[in-house]
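The values are calculated or read from the model by the stated rules, or taken from the named source; none is laboratory data. This one's a predicted model, so the numbers in the text were calculated from it and none came from an experiment. Cβ placement follows ideal geometry from the backbone for every residue including glycine, while neighbour counts extend to all protein chains displayed. Heads up: the accessible areas ignore ligands, DNA and RNA and are worked out on the full protein's heavy atoms, side chains in. Shrake-Rupley method; radii C 1.70, N 1.55, O 1.52, S 1.80 Å.
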Amino acid sequence: MDHHDRPARAVLIAVTPCPKPADYDASVRKAGGAPWVPVIGADDPDGVLARADGLLLTGGDDVDPALFGAAPHSTYEPAEPGRDAYEIALVRRALAARVPVLAICRGLQVLNVAAGGTLIQDIPSECRTDVNHSGPSSAALAHAVEVVPGSHLDAMLERSAGSGAVMVNSRHHQAIDVLGQGLVVTARAPDGIIEGVEGPGPAFCVGVQWHPESFHRTREFDGVFAAFIDACAERRRL
Ligand code: MN
């Protein structure tokens, strides 16, 4: 078997369909992965996970409160038809198959709901806070997060943004309320809002409430995507 003169295939990352895919696409490519956006209703979740080396859950509109047993808040903005169920099916299968998962913003919320957790539906009306979680739609830094030492997230951020307290952007009005089963908190904003979670097991499962993909033109959060792509390449070798 001569492997050496054949270039390694880039790891294939299933990137869930979302309204603004460009920054996710660029971030995956920058880290050496090949992004692939499966189609809701056409690419069934089992087929996606059989093919992909990793799953990236992207940002977007609100998770349906019915999925965590709550009545909708007046600010509820539904996501694309079928997206909630599709992403929940994908992340459950990925966790069962130990396919690495990176969950961003809405993605972290989908991960939490898929694990049986609940969400705060609207931070401004449900929480007393001085922290601005609804910054501009860009890479503008909005608030600090305190990262739990020794977490996977801490090690990932050490590769670029630094460890301990880091500044992040923030474009969310939902957030984790009751934590899903098997998840642990890895970062919080100064007001206590959960900004990072991960699965406790050896498989890579990392969620962040901010948008690291907005920074692909610079390098603040390159470590997040680099660690994710490394985990995907590692799993493919097994
Ligand atoms: Mn925030």
Considering residues that are out of contact with any Lys or Arg (no Cβ under 7 Å at 6 or more places or on another chain) and within 12 Å of Ala26 (Cα to Cα), the number found within the stretch 207-221 is 6
Could you check, for the stretch 122-138, whether at least one of its residues is touching a Gly at 6+ places or on another chain (Cβ under 7 Å) and at pLDDT 95 or above?
-> no
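One line per residue, one yes/no per condition, for (1) in contact with a Lys or Arg (Cβ under 9 Å, 6 or more places away or on another chain); (2) of a type in the set (Phe, Trp, Tyr); (3) closer than 28 Å to Val48 by Cβ:
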| residue | (1), (2), (3) |
| --- | --- |
| Cys105 | yes, no, yes |
| Ala142 | yes, no, no |
| Arg171 | no, no, yes |
| Ile176 | no, no, yes |
Going through the stretch 92-110 in order, the residues found to be touching a residue at least 60 places away in the same chain (Cβ under 8 Å) and either within 16 Å of the ligand (Cβ to nearest atom) or open to solvent by 10 Å² or more (accessible area, probe 1.4 Å) (or both) are Leu95, Arg98, Ala103, Ile104, Cys105, Arg106, Gly107, Leu108, Gln109
| query | Within the stretch 41-59, can one find any residue that is in a loop (DSSP other than H, G, I, E, B), open to solvent by less than 50 Å² (accessible area, probe 1.4 Å), of a type in the set (S, T, N, Q) and at pLDDT 95 or above? | reply | yes
Report yes if Gly223 is open to solvent by less than 10 Å² (accessible area, probe 1.4 Å) and assigned to a loop (DSSP other than H, G, I, E, B), otherwise no.
no
When restricted to Glu87, Glu77, the only residue open to solvent by 70 Å² or more (accessible area, probe 1.4 Å) and within 28 Å of Ala187 (Cα to Cα) is Glu77
Being at pLDDT below 95 and either open to solvent by 40 Å² or more (accessible area, probe 1.4 Å) or within 16 Å of the ligand (Cβ to nearest atom) (or both) narrows Gly207, Gly201, Gly150 down to just Gly150
Among (1) open to solvent by 20 Å² or more (accessible area, probe 1.4 Å); (2) touching a helix residue (DSSP H, G or I) at 6+ places or on another chain (Cβ under 7 Å); (3) under 18 Å from His133 (Cα atoms), Pro190 falls short only on (2)
Among residues of the stretch 210-230 being of a type in the set (A, V, I, L, M, F, W, C) and within 16 Å of the ligand (Cβ to nearest atom), the residue nearest to the chain's Cα centre (by Cα) is Trp210
- Does the stretch 90-104 contain at least one residue that is among the β-branched types (Val, Ile, Thr), outside any strand (DSSP E or B) and over 13 Å from the mean Cα position of the chain (by Cα)? yes
Handout entry: Residue check for Asp84: of a type in the set (Asp, Glu) and part of a helix (DSSP H, G or I)
Key = yes
Subset of the stretch 118-138, residues in a loop (DSSP other than H, G, I, E, B) and surrounded by fewer than 20 Cβ atoms within 10 Å (Cβ to Cβ), comes to Thr118, Asp122, Cys127, Arg128, Thr129, Asp130, Val131, Asn132, Gly135, Pro136, Ser137, Ser138
Restricting the stretch 167-186 to residues that are within 10 Å of the ligand (Cβ to nearest atom) and not in a loop (DSSP other than H, G, I, E, B), the one surrounded by the fewest Cβ atoms within 10 Å (Cβ to Cβ) turns out to be Arg171
